[in-house]
Amino acid sequence: GAVVSQHPSWVICKSGTSVKIECRSLDFQATTMFWYRQFPKQSLMLMATSNEGSKATYEQGVEKDKFLINHASLTLSTLTVTSAHPEDSSFYICSARGQGDDTTNEKLFFGSGTQLSVL
Amino acid sequence: GENVEQHPSTLSVQEGDSAVIKCTYSDSASNYFPWYKQELGKGPQLIIDIRSNVGEKKDQRIAVTLNKTAKHFSLHITETQPEDSAVYFCAASIVAFGNEKLTFGTGTRLTIIP
């Protein structure tokens, strides 16, 4: 259980285009999902907290108009990188908090990540 | 906010030996400490976690210890195997209302030498 599916796993796009990344909780409902960005050989940097049915909460320094987050259902959150530029190239990872008994409801499960390359 | 430091940044261990990775945290209110393993090009995978009401937890070759007084926790891998080679991240959070953020350490690149 507690599987998080993320698509696509990699994407190459031209500068100026928009890219959408999907994150799905396959066997549980996730009222909260998180989006991270990771540069090579670095740790995960939290970008935003995505709450089902409400606006996402962005971390300081993250442009909300640049990184659009939609969490329209309890199993799906999307991150859209708008007007992508080469500096947006990075590894993007989503995560969702498991639900169930007390032993799982604090566990965070991650998707497999999306490598974005902007030319 | 919470600050998590992780050491060492790289670690090479002979196959069969033990590996230890250490983390310290700053916020005494933190009560949940997971460890993640990340392989190249993949998302982090939860390997073990511990809550603040427990001092030690073990799962086969993996164990985690927590010292709340000193605010540090450690990952221990025994009888290391080549497939243990990966980047390991520690993290800390305060679990209370269900949407708390994890603060990650900077990662340790573990290499198991055959």
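The values are calculated or read from the model by the stated rules, or taken from the named source; none is laboratory data. None of these values were measured; they are calculated from a predicted model. Here the Cβ positions follow ideal geometry from the backbone for every residue, glycine too, while neighbour counts run over all protein chains shown. In case anyone asks, the SASA skips ligands and DNA or RNA and just uses the protein heavy atoms, side chains included. Shrake-Rupley method; radii C 1.70, N 1.55, O 1.52, S 1.80 Å.
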Where a residue in segment A:1-27 is more than 16 Å from B:L46 (Cβ to Cβ) and its partner, wherever it lies, is assigned to a strand (DSSP E or B) and of a type in the set (F, W, Y), with Cβ under 9 Å and at least six apart:
A:I21/A:W35; A:I21/A:Y92; A:C23/A:W35
Qualifying positions in segment A:70-79 - open to solvent by 30 Å² or more (accessible area, probe 1.4 Å) and either at pLDDT 95 or above or in a loop (DSSP other than H, G, I, E, B) (or both)
A:L74, A:T75
Within the bounds of segment A:95-112, is there any residue that is buried (at least 18 other Cβ atoms within 10 Å of the Cβ), touching a strand residue (DSSP E or B) at 6+ places or on another chain (Cβ under 6 Å) and more than 10 Å from chain B (Cβ to nearest Cβ)?
yes
Residue by residue through segment A:9-23, note down the ones that are more than 13 Å from chain B (Cβ to nearest Cβ) and of a type outside the set (S, T, N, Q).
A:V11, A:I12, A:C13, A:K14, A:G16, A:V19, A:K20, A:E22
Out of all the residues in segment B:15-35, is one or more open to solvent by 70 Å² or more (accessible area, probe 1.4 Å), modelled with pLDDT under 95 and over 10 Å from the mean Cα position of the chain (by Cα)?
yes
Filter segment A:41-56 for residues that are facing chain B (nearest Cβ under 10 Å) and open to solvent by 70 Å² or more (accessible area, probe 1.4 Å) and give the result.
A:K41, A:Q42, A:M45
Take A:V81 and decide whether it is among the β-branched types (V, I, T), facing chain B (nearest Cβ under 9 Å) and under 13 Å from the mean Cα position of the chain (by Cα).
no
I need the full set of residues from segment B:61-83 which are of a type in the set (S, T, N, Q) and closer than 17 Å to B:L110 by Cβ, in order please.
B:S74, B:T78, B:T80, B:Q81
Over segment A:31-40, the set of residues among the hydrophobic types (A, V, I, L, M, F, W, C) and either facing chain B (nearest Cβ under 10 Å) or open to solvent by less than 30 Å² (accessible area, probe 1.4 Å) (or both) is A:M33, A:F34, A:W35
Note on segment B:43-96: residues without any contact (Cβ under 8 Å) to a residue 12 or more places away in the chain, within 11 Å of another protein chain (Cβ to nearest Cβ) and part of a strand (DSSP E or B) are B:Q45
Suppose we filter segment B:97-114 for residues that are open to solvent by 10 Å² or more (accessible area, probe 1.4 Å) and part of a loop (DSSP other than H, G, I, E, B); how many remain?
8
For segment B:68-82 the number of residues that are under 20 Å from B:T24 (Cβ atoms) and out of contact with any strand residue (DSSP E or B) (no Cβ under 7 Å at 6 or more places or on another chain) is 3
Scan segment A:3-19 and tell me whether some residue there is open to solvent by less than 40 Å² (accessible area, probe 1.4 Å), at pLDDT below 95 and of a type in the set (A, V, I, L, M).
yes
